[in-house]
Structure formats: C-alpha cells, structure tokens
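Down below is the structure, laid out as structure tokens.
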Amino acid sequence: MVSSSDKLAAGQVRRFLVVGTLTVLLDYVVYRMLGWAGFDLSVAKAISFSVGAVFAYFANQHITFKANGSPLFFLMFCILYLATLACNVAVNALGIAFLENVPFGINLAFLFATAVSATLNFLGMKFLVFRA
C-alpha cells in the first residue's frame, strides 16, 4: 500500500520535472541567445541560470511544493541557487573544456551542468527551502 507521504513525494517529483523542463528550456534559450550575441559562455551561463532561477522559485513555490511565500523561503532559495549556480557554471566550463572538439559539445556541457544542478536544486528545495 502506498502511503499519503509517498503519493505527495511522487506528485512533487512529477511537478518538479515539469517546472524543471520549462526552467531548462528558458535557461537554454537565454544561454544560446547570449552566446550568439558574443557573450563569454561562462557569463552567458551565469545569466541564463539566474533567469531560470527566478522562474523556478515562483513556479516551484506555487506549483511543485504549494508553499506560502516568506522572506525566509526566498533567502534560503537564493542561498541554494547561488551554491548550485557555482556548480552549474563549473560543470559547464569543465564540459566545454573536455568536449570542445566534440560535435554539439556546448550542448552536452549544458546538459551535464543542468543535470547536476537540477538534482541538487530538488533536494535542497524539498529538504531545506520548502520542507513541510
């Protein structure tokens, strides 16, 4: 038998994946646009991740975790996202360095960086920011 807390967690994961997909799409579009505009790719990644973070805060607060907003939630979210931003930019830079001669290497680096930061973001939001 599945407990109500298991159902809640499964629903949160599903909603997080939908919100996350939209966040990644926004992140990717901004990243590529800034890259095409001539921005350094690390700067472009930091900006695009930050744009995605603003969207992710509100979407996860209201859709994924259905939490009331508070200054403490926002502060904790900002700390979490600053930490995962550093991870995201570092993994992206490493990916570009290792995949620079691989077709679609920039895209693969983006995906690796996104996978790492998305995992850390879900765990941080579930257990720290929007915990019940």
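Of the residues making up segment 30-50, those that are in contact (Cβ under 8 Å) with a residue 12 or more places away in the chain and either of a type in the set (A, V, I, L, M) or under 18 Å from residue 126 (Cβ atoms) (or both) are 30, 34, 41, 44, 46, 47.
Filtering segment 61-76 down to residues that are in a helix (DSSP H, G or I) and hydrophobic (A, V, I, L, M, F, W, C), which residue is surrounded by the fewest Cβ atoms within 10 Å (Cβ to Cβ)? The qualifying residue surrounded by the fewest Cβ atoms within 10 Å (Cβ to Cβ) is 72. Filter segment 1-49 for residues that are touching a helix residue (DSSP H, G or I) at 6+ places or on another chain (Cβ under 7 Å) and among the hydroxyl-bearing types (Ser, Thr, Tyr); which is surrounded by the fewest Cβ atoms within 10 Å (Cβ to Cβ)? Filtering first and then ranking leaves 42.
Would you mind stating whether residue 53 is buried (at least 18 other Cβ atoms within 10 Å of the Cβ), in contact (Cβ under 8 Å) with a residue 60 or more places away in the chain and in a helix (DSSP H, G or I)? Answer is no for this residue. Among the residues of segment 103-116, just one is touching a residue at least 60 places away in the same chain (Cβ under 8 Å) and either assigned to a loop (DSSP other than H, G, I, E, B) or over 27 Å from residue 126 (Cβ atoms) (or both), namely 106.
One residue stands out among those in segment 74-113 that are touching a helix residue (DSSP H, G or I) at 6+ places or on another chain (Cβ under 6 Å) and closer than 25 Å to residue 8 by Cβ: the one that is modelled with the lowest pLDDT, which is 81.
Which count do you get for residues in segment 77-102 that are among the β-branched types (Val, Ile, Thr), free of Cβ contacts under 8 Å to residues at least 40 places away in the same chain and either in a helix (DSSP H, G or I) or closer than 13 Å to residue 113 by Cα (or both)?
The initial filter retains those residues of segment 77-102 that are among the β-branched types (Val, Ile, Thr), namely 79, 84, 89, 91, 96, 102.
Checking which are free of Cβ contacts under 8 Å to residues at least 40 places away in the same chain leaves us with 79, 91, 102.
Narrowing the set further to residues that are either in a helix (DSSP H, G or I) or closer than 13 Å to residue 113 by Cα (or both) leaves 79, 91.
Residues that pass the stated criteria total 2.
When residue 127 is tested against (1) in contact (Cβ under 8 Å) with a residue 12 or more places away in the chain; (2) farther than 21 Å from residue 30 by Cα; (3) aromatic (Phe, Trp, Tyr), exactly one condition is not met: (1). Go through segment 27-41 residue by residue and tally those that are over 15 Å from residue 111 (Cβ atoms) and either under 16 Å from the mean Cα position of the chain (by Cα) or not in a helix (DSSP H, G or I) (or both). Final tally of qualifying residues: 5. I'm trying to understand the selection: among the residues of segment 7-22, which are in contact (Cβ under 8 Å) with a residue 40 or more places away in the chain and either under 13 Å from residue 121 (Cβ atoms) or in contact with a Lys or Arg (Cβ under 7 Å, 6 or more places away or on another chain) (or both)? Within segment 7-22, 12, 13, 16, 19, 20 meet the criteria.
The values are calculated or read from the model by the stated rules, or taken from the named source; none is laboratory data. The model shown is predicted, which means the values in this text are computed figures rather than measured ones. Note that we place each Cβ from the backbone using ideal geometry, even for glycine, and neighbour counts take in every protein chain shown.
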